[in-house]
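Trainee: My structure is below; once you've seen it, I'll send some questions.
Bear in mind these aren't lab numbers, they're just calculated from the coordinates by the rules spelled out. Everything numeric in this text was worked out from a predicted model, so none of it was measured. So basically every Cβ, Gly included, is an ideal-geometry build from the backbone, and we count neighbours across all protein chains shown.
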Amino acid sequence: MNSTVLQAISVTVPITGNITSSIREAEDADVESYGSIANDGEGEEFLAVGAEKRNWEEELADVIETIVERKKTGYQDREQALTAYIAILLRKYAKEQIFFKKSEIISSCLRSVKSGRTERESLLAAKALGLTIITDPSEDVYDAVSQTFKTVITDHASLPLKAALIHYLGATAF
């Protein structure tokens, strides 16, 4: 069921020609090239980032810490951490790994959506929120994100961000 929901959210509804391509470019910018999940032949999976070999769970924990520690990181570090978080959640089902940090992840991503330093940071945070919601759905998530999503959809200047948030608001209501 998770993959079905994820595919439904990934489908973009063309509002205008440029918006659809902008959303895809912003969301997928570095995610595909970030790294790949590989198997070491002994059943152990790891995240291969360049020549480095790391356990994907360790990488996810480090990335979550970077996302949550907003005051200690710059927007470029947050963008990189959000990209890594998205890449891992697209490749692995990580409900157990994000369960205890879920409220902190949602809170931090909401701040980035509302007041991200760049449009890219806001778009990546929106996608990270959507994937977090799909990975660990709960009834209280809609209440946590709906007001912020509606405000950003109404007031923000970025059309790609507005379109992405409309998709993710639908996912939270589902």
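Trainee: I want to make sure I understand the PRE zone here: with the label point 7 angstrom from the Cα of A61 toward its beta carbon, which residues in segment 83-118 have backbone N atoms less than 16 Å away?
Mentor: Those under the cut-off are 94-102.
Trainee: Could you name the lysines whose alpha carbon sits less than 29 Å from that of K92, not counting residues in the same chain fewer than 8 places away?
Mentor: Partners within reach: K53, K71, K72, K101, K102, K114, K127, K162.
Trainee: If you don't mind, another one. Going through segment 114-174, which GluC sites (Glu not before Pro) have at most 13 other Cβ atoms within 10 Å and a DSSP loop state? Before the final figure, lay out each step's value.
Mentor: Numbers: sites: E119, E121, E139; in loops: E139.
Answer by residue number: E139.
Trainee: How much net charge surrounds T148 when only the other residues with a Cβ under 10 Å from the Cβ of T148 are counted, with Lys and Arg +1 and Asp and Glu -1? Write down the numbers at each step before the final one.
Mentor: On the way: positive: R111, K114, K150; negative: none.
Result for the neighbourhood of T148: +3.
Trainee: Still on this model: Expressed as a rounded percentage, what relative contact order does segment 47-161 have, with Cα pairs under 8 Å and six or more residues apart?
Mentor: Working: 98 pairs, mean separation 27.8, N = 115.
Relative contact order comes out at 24 percent.
Trainee: Regarding segment 125-174, what is the average projected area of its C-alpha convex hull, in nm²? All intermediate terms of the calculation are to be shown ahead of the outcome.
Mentor: Values: hull surface 12.0 nm².
Reported value for the Cα convex hull: 3.0 nm².
Trainee: How are the alpha carbon pair distances in segment 81-160 distributed across 10 Å bins from zero to the largest one, expressed in percent?
Mentor: Histogram of Cα-Cα distances, whole percents per bin: 18, 54, 26, 2.
Trainee: Between K71 and K114, what is the label-point separation in nm under the 7 Å Cα-to-beta-carbon projection?
Mentor: 1.6
Trainee: Fewest first, what order do S146, S115 take by the number of other Cβ atoms within 10 Å?
Mentor: On the way: S146 13, S115 10.
Ranking S146, S115 by Cβ neighbours within 10 Å, fewest first, gives S115, S146.
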